[in-house]
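Down below is the structure, laid out as structure tokens.
Just so you know, all these numbers are worked out from the coordinates, no wet-lab data involved. The structure presented is a predicted model; accordingly, all values stated were derived computationally and were not measured. Every residue, glycine among them, receives a Cβ derived from its backbone with ideal geometry; neighbour counts consider all protein chains shown.
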Amino acid sequence: ARGFQLAAEDDRAEVAAVVVGIDWQVSYSQLKRAALHVRAGARFIGTNGDRTFPSPEGIIPGNGALLAFIEAATDTPPLLIGKPERVLYEMALKRMRAVPDQTLVLGDRMETDILGAVRLGLKSALVLTGVTAREELSAFEYQPDWVFNDLPALTQHWADSHD
């Protein structure tokens, strides 16, 4: 990224920010180093707070699990810049030149995908192929506009409503 320089593994230079995104090969050494930088004053930024991630093996730890590790070691909560934060959705709308009342946010997680859409007043569709199960919907104060079992059900609904 323009204006930023990545710190090398053995670099002792002052670090301005620790930015955490999912890393499937993250090591204890990397997490320790991130915590030390945060304790030394680096800003702690997370790309998203998803604690879990759906995979073919089942539900596995997500980026939020990495953030929780560093937060527990530093007593410093991360600044989240990804879903469900407004800035991400606003940037996406601007970049795509999308009209908010003609935009549909599609997601598989209520706490990030759908919450972000609701916060901005965007239409939303939840697909039940990820983390959120139908039985869990009643626990949320906000709801998606549509709920589909899978993407084929969504595309069929779209086709049926545009005939």
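Numerical summary
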| quantity | calculated |
| --- | --- |
| 26 Å Cα-Cα reach of K94 towards lysines, excluding residues that sit fewer than 8 places from it in its own chain | K83, K123 |
| DSSP loop trypsin sites (Lys or Arg not before Pro) with at most 12 other Cβ within 10 Å excluded, longest remaining stretch of the chain | 13-96 |
| With at most 11 other Cβ atoms within 10 Å, longest stretch of the chain clear of loop GluC sites (Glu not before Pro) (DSSP) | 58-140 |
| Charge tally in the Cβ shell below 15 Å around A133, where Lys, Arg are +1 and Asp, Glu are -1, A133 excluded | -4 |
| Assigned charges on the beta-carbon of Lys, Arg, Asp, Glu; region 36-150 dipole about Cα centre (debye) | 540 debye |
| On Cα atoms only, tilt of 28-39 relative to the major axis of the chain in degrees | 80 degrees |
| Kirkwood Rh in Å, taken over all unlike Cα pairs in region 91-161 | 12.6 Å |
| Value of relative contact order over the chain, rounded to a whole percent, pairs C-alpha under 8 Å and six or more apart | 15 percent |
